[in-house]
Amino acid sequence: MHETRASRPRVLVIEDEPDTRAMTVDALGEQYDVVAVGTVAEALASAGAALPAAIVLDLGLGRESGWDLVRSVPEDAPLRRVPIVVLSATPPADPPPGVGPWAAYLTKPCPMARLREVLASIVP
């Protein structure tokens with residue numbers, strides 16, 4: 001039976017570097033409905049249109065940061081309950097106050113097999 005894209009869990013990838021974004025989409029695309037964006041504004045718009053099952057977040061997004069995304073979501077918003085897997089060159093750090101623990105913190109360069117393994121453990 002062929003699984004449709006709509007029946008797969010949605011994963012939102014927030015990565016501003018086009019090559020890394022494409023590599024991540026390629027690595028996850030067979031198992032997940034991957035939506036990839038490069039800015040905080042695009043991420044908020046995408047998550048507002050369809051809540052993802054998980055977020056893969058780069059903390060260094062050029063003029064913005066992953067921290068900006070996390071801080072911009074109201075505490076009572078459904079997006080706050082979505083597990084976040086940080087995939088960043090930034091050394092590990094605790095999430096800001098009001099944000100639950102990261103589901104995982106992976107430091108670049110990270111094997112895509114490791115990212116798939118982590119997502120499989122948190123996405124139903």
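The values are calculated or read from the model by the stated rules, or taken from the named source; none is laboratory data. Computed from a prediction, not measured in an experiment: that's the story for all the values here. All Cβ positions, even for glycine, are placed from backbone atoms using ideal geometry, and neighbour counts span all protein chains on display. With ligands, DNA and RNA removed, areas are computed over all heavy atoms of the protein, side chains included. Shrake-Rupley method; radii C 1.70, N 1.55, O 1.52, S 1.80 Å.
When segment 5-46 is filtered for residues that are closer than 21 Å to PRO111 by Cβ and either in contact with a Cys (Cβ under 9 Å, 6 or more places away or on another chain) or assigned to a helix (DSSP H, G or I) (or both), the ones remaining, listed by number, are PRO18, ASP19, THR20, ARG21, ALA22, MET23, THR24, VAL25, ASP26, ALA27, LEU28. Among the residues of segment 109-121, is any touching a strand residue (DSSP E or B) at 6+ places or on another chain (Cβ under 9 Å), open to solvent by 70 Å² or more (accessible area, probe 1.4 Å), not polar (S, T, N, Q) and not in a helix (DSSP H, G or I)? No; the residues of segment 109-121 include none that is touching a strand residue (DSSP E or B) at 6+ places or on another chain (Cβ under 9 Å), open to solvent by 70 Å² or more (accessible area, probe 1.4 Å), not polar (S, T, N, Q) and not in a helix (DSSP H, G or I). Within segment 61-82, the set of residues being open to solvent by less than 40 Å² (accessible area, probe 1.4 Å) and of a type outside the set (A, V, I, L, M, F, W, C) comprises SER65, GLY66. The numbered conditions (1) open to solvent by less than 10 Å² (accessible area, probe 1.4 Å); (2) in contact with a helix residue (DSSP H, G or I) (Cβ under 6 Å, 6 or more places away or on another chain) are all true for THR24 except (2). Please specify each residue of segment 62-107 satisfying the condition of being of a type outside the set (A, V, I, L, M), farther than 23 Å from ARG10 by Cβ and part of a loop (DSSP other than H, G, I, E, B). Scanning segment 62-107 gives GLY62, ARG63, THR90, PRO91, PRO92, ASP94, PRO96, PRO97, GLY98.
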